[in-house]
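Nothing in this text is a laboratory measurement; each read-out follows from the coordinates by a stated rule. Only a predicted model underlies this, so the values are computations on that prediction, with no experimental measurement involved. As a convention, Cβ positions derive from the backbone with ideal geometry for all residues, glycine included, and neighbour counts pool all protein chains shown.
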Amino acid sequence: MRKQIAAANWKMNLTYQQGEKLLDEILKAGFDLKEHQYALFAVPFPYLLMTRSEVEEEFSSHFAAAAQNCHHKKSGAFTGEVSAEMLHSMNINYCVVGHSERREYNGETNSILAEKVNACLDNFITPVFCCGEPLSIRESGTQNDYVAAQLKESLFHLPAEKISTLIIAYEPIWAIGTGKTASTAQAQEMHQYLRSVLADQYGKEVADLIPILYGGSVKAANAKELFASPDVDGGLVGGASLVAAEFVEIIRALK
Ligand code: 13P
């Protein structure tokens, strides 16, 4: 079975102590994860090592720390930035790339994101590549073309053996932090469409390997239904990942 993943995105929330406490509470719940089930914690840069050691101690390869971003250049005079090589040197194996908040507030374009994806892969880091349309695009009914263009412009330069290692997260911007989740049918429809776009370019076998997570107001109450859809392979979770009881249930909702 394709990997099924519950990914927490803490964004710019929690103090270090609050982060430690949250991880402790989540980990002590105990999990009986199947071979194909994983949990990721995308935390602020200064919390990466703490997170890595906490989760690895308990659940080794099924739980991992992830960065929320990295710079697209290898190294140099970019004050305040963090490179993929630095993350790799800290044994961080996952990085969120192209979250809609970074696209909006940090001007990240599809072509910069292509460079970030390359930087990650060059450093043995699995990108969690985010895509998703704003409300105006959804209302105009052109969401499929919009999201397909994000994949094409940032990912389709990759050879099949590289893209097959990626994780994709579909996060409709109108559903992020709004409490307004895409319906299960809307999520499945877009995920199935994205898989068909991947299959057209790389073949069905490759498309079937790539986990596509749904993000946007995922919570304990809706995770099971969303994740039950055949093309929804878990979730990228913001607000509900900051509440231990919520995220524990979201991990348990993986199929
Ligand atoms: P919420 O779960 O708070 O809607 O955030 C989703 C998100 O942006 C995860 O990356």
Name the shape class, rounded, prolate or oblate, that the alpha-carbon gyration tensor gives for segment 181-255, where a ≥ b ≥ c are the square roots of its eigenvalues, rounded holds for a/c under 1.5, and otherwise prolate holds if a/b is larger than b/c and oblate otherwise. prolate
Check cross-link reach from LYS116 to the aspartates and glutamates: straight Cα distance under 12 Å, and skip same-chain residues fewer than eight apart. GLU85, GLU108
Mean separation of Cα pairs under 8 Å and 6+ residues apart, divided by the residue count of the chain: what relative contact order is that in percent? 21 percent
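How much net charge surrounds MET12 when only other residues with a Cβ under 15 Å from its Cβ are counted (Lys, Arg +1; Asp, Glu -1)?
0
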Taking alpha-carbon centroids only, segment 77-153 lies from segment 1-63 a number of Å equal to 21 Å
Contour minus end-to-end for ASN106 and GLU85, with contour as 0.36 nm per residue of separation and end-to-end as the Cα-Cα distance? 5.5 nm
Among 180-191, 100-111, how do they line up from the highest to the lowest mean number of other beta-carbon atoms within 10 Å? 180-191, 100-111
16 Å Cα-Cα reach of LYS219 towards aspartates and glutamates, excluding residues that sit fewer than 8 places from it in its own chain: GLU171, ASP233, GLU246, GLU249
Which values of log₁₀ I(q)/I(0), to two decimal places, follow from the Debye formula for the chain at q = 0.08, 0.14, 0.16 Å⁻¹ with a uniform point scatterer at every Cα? -0.27, -0.90, -1.21
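Mind running the shape call on segment 127-187? Use the C-alpha gyration tensor, a ≥ b ≥ c as the square roots of the eigenvalues: rounded below 1.5 for a/c, prolate if a/b tops b/c, oblate otherwise.
Here segment 127-187 falls in the prolate category.
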Under the 7 Å Cα-to-Cβ spin-label approximation, HIS36 and ALA149 lie apart by a distance in nanometres of 3.4 nm
Relative contact order, percent, segment 126-221 [alpha-carbon distance under 8 Å, six or more residues apart]: 36 percent
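Evaluate the Kirkwood expression for the hydrodynamic radius of segment 1-40, namely the inverse of the mean inverse distance over all pairs of different C-alpha atoms, and round to one decimal in Å.
When all Cα pairs of segment 1-40 are included, the Kirkwood radius is 11.8 Å.
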Taking the simple approach of a point 7 Å from Cα along Cα-to-Cβ for both SER75 and LYS180, what is their distance in nm? 4.7 nm
How large is the helix-only mean residue ellipticity at 222 nm for the chain, computed as the sum of -39500 (n - 2.57) over DSSP H runs with n ≥ 4, divided by its residue count, in deg cm²/dmol to the nearest 500? -12500 deg cm²/dmol
On full extension of the chain, what length is gained from GLN192 through PHE45, given 0.36 nm per residue of separation minus the C-alpha to C-alpha distance? 49.6 nm
What net charge is computed for the residues neighbouring GLN143, neighbours being all others with C-beta under 14 Å from the C-beta of GLN143, Lys and Arg scored +1, Asp and Glu -1? -4
What shape does segment 9-69 have by the C-alpha gyration tensor, where a ≥ b ≥ c are the square roots of the eigenvalues, rounded means a/c under 1.5, and otherwise prolate means a/b greater than b/c and oblate the rest? prolate
